[in-house]
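The values are calculated or read from the model by the stated rules, or taken from the named source; none is laboratory data. These figures come from a predicted structure and were not determined experimentally. Counting neighbours? That spans all protein chains shown, and the Cβs are built from the backbone with ideal geometry, glycine included. Keep in mind that these areas ignore ligands, DNA and RNA; they rest on the heavy atoms of the full protein, side chains included. Shrake-Rupley method; radii C 1.70, N 1.55, O 1.52, S 1.80 Å.
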Amino acid sequence: MNRLKDKVIVVTGAAMGQGAAEAALFAAEGAKVIAGDIAMEQLKETVDRINAAYPGSALAVKLDVSSGEDWDRAVAAGVEQFGGINGLINNAGIGTKGVWWEETDHDLFQKIIDVNLWGQFRGIQAVVPEMRKAGGGSIICVSSMAAYIGVGFNAYAPSKGGVRSLSRTASVTLGRENIRVNTIVPGTIETPMTAGMFDKPEVVQHCKDQTSLGYLGKPDDIAYGAIYLLSDESRFVTGAELVIDGGQRYKG
């Protein structure tokens, strides 16, 4: 408990799945959470559950991460509510679910880049001024195994590869301001975003077989790694990539 005490953390994609798990665990560890998403009904339900368990710990804000205006409003609302910002996890993203070369046009490709890559850049841009005021902070960019291995999602993979590069670059340019930037690389995690992959038992078994451990990850598996990177325990860690994949990168 209290590994994140007195920290104010922005969580994107917080309405459900991985982001919701992160928001809840961060609050359990003493953080104040600015929970952002575009799915406001689900987001409010998530935030209500968190506040029922940890009163006053979470704030729901509408946040389309590809919108600079939404980022500015979300940060302003969070600062007004909690007094500052110490952390950010750039969790929000969208996938293409098997869109192949012939079917991908500029608009589709650009939409995925806007959310998955530009959205993370814009998030860093929005929180850094508040982190400077606070004397530093910790930022996590969420990439994907698709940035390491060949997959059929031809716009998603480049967007997540760009996230790895963005995170490394930001770690260099922001380090002297005591702002750490690290990357989490999840493997196959059971979330609403990946639910479409698991329609058939043989697909589930195939995904399990791709890991060394023989089972799939849960949202909390990512959230616990994020707690470490957002806490002062990792004060000398920046520019790092924390791969949480059950060994998929070696076997998949």
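Mind giving me the FRET efficiency for Arg132 and Leu108? R0 is 45 Å, r the Cβ-Cβ distance, nearest 0.05 is fine.
Computed FRET efficiency for Arg132 and Leu108 comes out at 0.80.
In nm², what is the average projected area of the convex hull enclosing the Cα atoms of the chain?
Numbers: hull surface 52.5 nm².
Over all viewing directions, the chain projects a mean Cα-hull area of 13.1 nm².
In terms of the ratio Rg/(2.2 N^0.38 Å) built on C-alpha atoms, what value belongs to the range 107-237?
Output field value: 1.17.
How about Lys218: which aspartates and glutamates have a C-alpha closer than 13 Å to its C-alpha, ignoring those fewer than 8 places off in the same chain?
Here the aspartates and glutamates satisfying the reach criterion relative to Lys218 are Glu22, Glu190, Asp245.
Using every Cα-Cα pair within the range 128-170, state what percent have a distance larger than 14 Å. Walk me through the intermediate numbers first.
Working: 488 of 903 pairs.
Taking all Cα-Cα pairs of the range 128-170, the fraction more than 14 Å apart is 54 percent.
If contacts are Cα pairs under 8 angstrom and at least 6 residues apart, what is the relative contact order of the chain in percent?
19
Across the range 1-143, how many lysine pairs, 8 or more positions apart or on different chains, have C-alpha atoms separated by under 28 Å? Please give the number.
Lysine pairs satisfying the spacing and distance rule in the range 1-143 number 18.
Once neighbouring chains are kept in place and the probe is 1.4 Å, which whole percent of the accessible area of the range 103-151 is contributed by carbon and sulfur? Working shown, then result.
Values: 1210 of 2170 Å².
Carbon and sulfur: 56 percent of the exposed surface of the range 103-151.
Just subtract the alpha-carbon distance of Asp6 and Arg73 from 0.36 nm times their residue separation and send over the number in nm, one decimal. Before the final figure, lay out each step's value.
Details: separation 67, 0.36 × 67 = 24.12 nm, distance 2.21 nm.
Between Asp6 and Arg73, full extension yields an extra 21.9 nm.
Using the Kirkwood radius over Cα pairs, work out the Stokes-Einstein diffusion coefficient for the range 26-97 at 20 °C and 1.002 mPa s, in µm²/s as a whole number.
167
For the range 20-157, report the convex hull volume of the alpha-carbon atoms normalised per residue, in Å³, without decimals.
Dividing the Cα hull volume of the range 20-157 by its residues yields 116 Å³.
With θ set to phi - 60° and the Karplus curve 6.51 cos²θ - 1.76 cosθ + 1.60, what are the ³J(HN,Hα) couplings of the range 63-70 in order, to the nearest whole Hz, using x for Gly and Pro?
Calculated HN-Hα couplings, in order: 8, 8, 5, 7, 9, x, 5, 4 Hz.
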